[in-house]
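**Student:** Structure below; questions to follow.
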Amino acid sequence: MRLSRYFLPVLKETPADAQIASHRLMLRAGMIRQQAAGIYSWLPLGYRVLRRIEQIVHEEQQRAGHIPLLMPTLQPADLWQESGRYNAYGPEMLRIRDRHDRDILYGPTNEEMITDIFRSHVSSYKDLPLTLYHIQWKFRDEVRPRFGVMRGREFLMKDGYNFDLTREDALHAYNRHLVSYLRTYERMGLQAIPMRAESGPIGGDDTHEFLVLADTGESGVFYDSEITDLRFGDRDIDYDSVEQCQGVLEEFTSRYARTDDTHDEAVFQEQVPEARRREARGIEVGQIFYFGTKYSEPMGATVATQGGERVPVHMGSHGIGVSRLVGALIEANHDENGIIWPEGVTPFHCGIVNLKQGDAAADGACEDLYKALRAKGLDPLYDDREERAGAKFATMDLIGLPWRITVGPRGLKNGVVELTCRRTGESEEMTPEAAVARVAEIYAGI
RNA sequence: CGGGGCGUAGCGCAGCCUGGUAGCGCGUCGGUUUUGGGUACCGAAGGCCGCAAGUUCGAAUCUUGCCGUCCCGACCA
């Protein structure tokens, strides 16, 4: 993309309403525009990041064998009356009345609807196990939205639902989700720690939240410092293997790690040596639940067993806060100059800064770089504006592309351009061809 | 939902107390200049001063109500 033809409304000054780094930077980098309290438009740059995160979630869900579908944002109230949650949910649920005076609602979650879909099409144990998911906008009418997209009212979320014949099968689904979530977050360049959590209004017997450590997190967390050394890495997991999934779960959840909701100081002190006890704050970016027959029983989601008996299915639900992750990623990856995107989610793979627009050598070298990078399947952002070098650098730093190729007449005289890493600030001079090769190599494994 | 702010140009703000021609900086547009970390100068455009009612000869300014929005707390992914 050529910046002169793109839409990137960056702000020099910080909007007064933004309090935390991610919100401030998303506004300044022209990623979002607030339309109402907790409701945002996603401008092109922000939309690119959102879509990349969404894409990673899709890929990892399907790798784990889960099946995508798409349910509507608006739901009829009667499904919720059936489950008993229409009255239980409270004012957080946005309730609307249509022209025929029918009660509908903007879905805060989809357990009822997915259960309805399941019960009308599945009736045999032979169709199990089944895990369906979608990535869809939700609405929760928070009393006090804040922190930009981290706690908006409208938010994009992946929510998935597993249907299993037995409790054991459902617990495997739970474990499988935990494993796939670890892998999902790691691909985004995030460490998200599974922590034992309260079940909240979704309800359930077993639940873990995934938290990204950040000072601006909404939850207090307590954990064994050894847990931050764990890496999922690129291990090859058979998602159908009960043992393998169970093993990963044990590895990642055996050490003490809890949010303040479930924190038990006595247990913490007993299980964790003092030197390894950590107290910090975290941003919740996902949660997994096992809730058994909580919805299948009242809503009649049953299947016939081998013996012909009809039994309610065992279910769980699992969420990843896709839009919230954009904010969480920035909270975990920024400095005083702006955002620093991990390679896995960056809106553009690298930036090209032309220090002297209009200089034949510089313009030509930039065009060549631009084409060469694209030929490698990369997506560069070429700053071809008639701006001073300082302004271009400041913009690049702000929007946080992990790599920058700087091209100027001075370097070109020696046949070199400069490749700079946004995170470390280190830069190296090399030929344009070498820079293209290096950037391509960096992204080859991502 | 309790407590406290704030709504004036795209953004950041002053003016309000003490009523009388709506301002500044950034950005934008035109020009000159400059060109390796937000360059300098000249010029220009851009406002129902959140909305409504009231007081007044006269309201951005005072009063009342409403709306929006932000912060702290409670709540929440």
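**Student:** Of the conditions (1) among the hydrophobic types (A, V, I, L, M, F, W, C); (2) open to solvent by 30 Å² or more (accessible area, probe 1.4 Å); (3) within 14 Å of A:Phe289 (Cβ to Cβ), A:Phe210 clears all except one; give me its number.
**Tutor:** In the conditions (1) among the hydrophobic types (A, V, I, L, M, F, W, C); (2) open to solvent by 30 Å² or more (accessible area, probe 1.4 Å); (3) within 14 Å of A:Phe289 (Cβ to Cβ), A:Phe210 misses (2) alone.
**Student:** OK, next. When residues of region A:63-106 are filtered for being assigned to a loop (DSSP other than H, G, I, E, B), farther than 28 Å from A:Asp127 by Cα and of a type in the set (Ser, Thr, Tyr), how many remain?
**Tutor:** 1
**Student:** In a helix (DSSP H, G or I) and under 20 Å from the mean Cα position of the chain (by Cα): does that describe A:Arg52?
**Tutor:** Working: in a helix (DSSP H, G or I): yes; under 20 Å from the mean Cα position of the chain (by Cα): yes.
Yes, satisfied.
**Student:** Give the residue that is farthest from RNA strand B (Cβ to nearest atom), with candidates limited to residues of region A:244-260 that are within 16 Å of A:Arg278 (Cα to Cα) and touching a residue at least 40 places away in the same chain (Cβ under 8 Å).
**Tutor:** Ranking the candidates gives A:Thr253 first.
**Student:** Return the residue satisfying two criteria in turn: it lies in region A:5-29 and is away from RNA strand B (no atom under 11 Å from the Cβ) and of a type outside the set (Lys, Arg), and of such residues it is surrounded by the fewest Cβ atoms within 10 Å (Cβ to Cβ). Don't jump to the end; show me each part of the working.
**Tutor:** First, the residues of region A:5-29 that are away from RNA strand B (no atom under 11 Å from the Cβ): A:5-7, A:21-22, A:26.
If we keep only those that are of a type outside the set (Lys, Arg) as well, we get A:6-7, A:21-22, A:26.
Details: A:Tyr6: 15, A:Phe7: 10, A:Ala21: 23, A:Ser22: 28, A:Met26: 27.
If we take residues in region A:5-29 being away from RNA strand B (no atom under 11 Å from the Cβ) and of a type outside the set (Lys, Arg), then A:Phe7 is surrounded by the fewest Cβ atoms within 10 Å (Cβ to Cβ).
**Student:** Restricting region A:187-214 to residues that are over 18 Å from A:Glu111 (Cβ atoms) and part of a loop (DSSP other than H, G, I, E, B), which is modelled with the lowest pLDDT?
**Tutor:** Of everything passing the filter in region A:187-214, A:Ala214 is modelled with the lowest pLDDT.
The rows are residues; the columns are (1) assigned to a helix (DSSP H, G or I); (2) out of contact with any strand residue (DSSP E or B) (no Cβ under 9 Å at 6 or more places or on another chain); (3) within 16 Å of RNA strand B (Cβ to nearest atom); (4) open to solvent by 40 Å² or more (accessible area, probe 1.4 Å).
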| position | (1), (2), (3), (4) |
| --- | --- |
| A:Glu279 | no, no, no, yes |
| A:Gly282 | no, no, yes, no |
| A:Ile288 | no, no, yes, no |
| A:Phe291 | no, no, yes, no |
| A:Lys294 | no, no, yes, yes |
| A:Gln306 | no, yes, no, yes |
| A:Val311 | no, no, no, no |
| A:Gly316 | no, no, yes, no |
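**Student:** A further question follows. What are the pairs with Cβ atoms under 9 angstrom where one residue, in region A:137-165, is closer than 19 Å to A:His58 by Cβ and the other, located anywhere, is near RNA strand B (Cβ under 9 Å from one of its atoms) and open to solvent by 40 Å² or more (accessible area, probe 1.4 Å)? Sequence gap at least six, or different chains.
**Tutor:** A:Trp137/A:Glu154; A:Lys138/A:Glu154; A:Phe155/A:Arg140; A:Phe155/A:Arg324; A:Leu156/A:Arg324; A:Met157/A:Arg324
**Student:** Counting only residues that are open to solvent by 70 Å² or more (accessible area, probe 1.4 Å) and not in a strand (DSSP E or B), how many does region A:30-49 have?
**Tutor:** 1
**Student:** Of (1) closer than 28 Å to A:Val57 by Cα; (2) open to solvent by less than 10 Å² (accessible area, probe 1.4 Å); (3) at pLDDT below 95, A:Ile446 satisfies all except one. Which?
**Tutor:** (2)
**Student:** Looking at A:Leu249 and the list (1) loosely packed, with under 15 Cβ neighbours inside 10 Å; (2) out of contact with any His (no Cβ under 7 Å at 6 or more places or on another chain); (3) not aromatic (Phe, Trp, Tyr), which single condition is not satisfied?
**Tutor:** (1) is the only condition that A:Leu249 fails.
**Student:** Please report, ordered by residue number, the strands (runs of 3 or more DSSP E) entirely within region A:335-433 with at least 3 residues that are away from RNA strand B (no atom under 14 Å from the Cβ) and open to solvent by less than 10 Å² (accessible area, probe 1.4 Å).
**Tutor:** The strands (runs of 3 or more DSSP E) meeting that bar are A:380-383.
**Student:** Just checking, how many residues over region A:97-127 are open to solvent by 60 Å² or more (accessible area, probe 1.4 Å) and without any contact (Cβ under 8 Å) to a residue 12 or more places away in the chain?
**Tutor:** Summing the residues that are open to solvent by 60 Å² or more (accessible area, probe 1.4 Å) and without any contact (Cβ under 8 Å) to a residue 12 or more places away in the chain in region A:97-127 gives 7.
**Student:** Separate question: Please pick out the residue among A:Ser241, A:Ser219 that is at pLDDT 95 or above, open to solvent by less than 40 Å² (accessible area, probe 1.4 Å) and either in contact with a strand residue (DSSP E or B) (Cβ under 8 Å, 6 or more places away or on another chain) or more than 16 Å from RNA strand B (Cβ to nearest atom) (or both).
**Tutor:** Unique residue meeting the criteria: A:Ser241.
**Student:** A further question on this structure: Kindly list the number of the only condition in (1) aliphatic (A, V, I, L, M); (2) surrounded by fewer than 17 Cβ atoms within 10 Å (Cβ to Cβ); (3) more than 20 Å from A:Ala332 (Cβ to Cβ) that fails for A:Leu230.
**Tutor:** (3)
**Student:** Separate question: Any residue in region A:85-96 that is aliphatic (A, V, I, L, M), open to solvent by less than 40 Å² (accessible area, probe 1.4 Å) and farther than 21 Å from A:Asn162 by Cβ?
**Tutor:** Scanning region A:85-96 turns up at least one residue that is aliphatic (A, V, I, L, M), open to solvent by less than 40 Å² (accessible area, probe 1.4 Å) and farther than 21 Å from A:Asn162 by Cβ.
The values are calculated or read from the model by the stated rules, or taken from the named source; none is laboratory data. This structure is a prediction, so every number in the text was calculated from the model and none was measured. Note that we place each Cβ from the backbone using ideal geometry, even for glycine, and neighbour counts take in every protein chain shown. Each accessible area value is taken on the protein alone, full model and side chains, heavy atoms only, with ligands, DNA and RNA left out. Shrake-Rupley method; radii C 1.70, N 1.55, O 1.52, S 1.80 Å.
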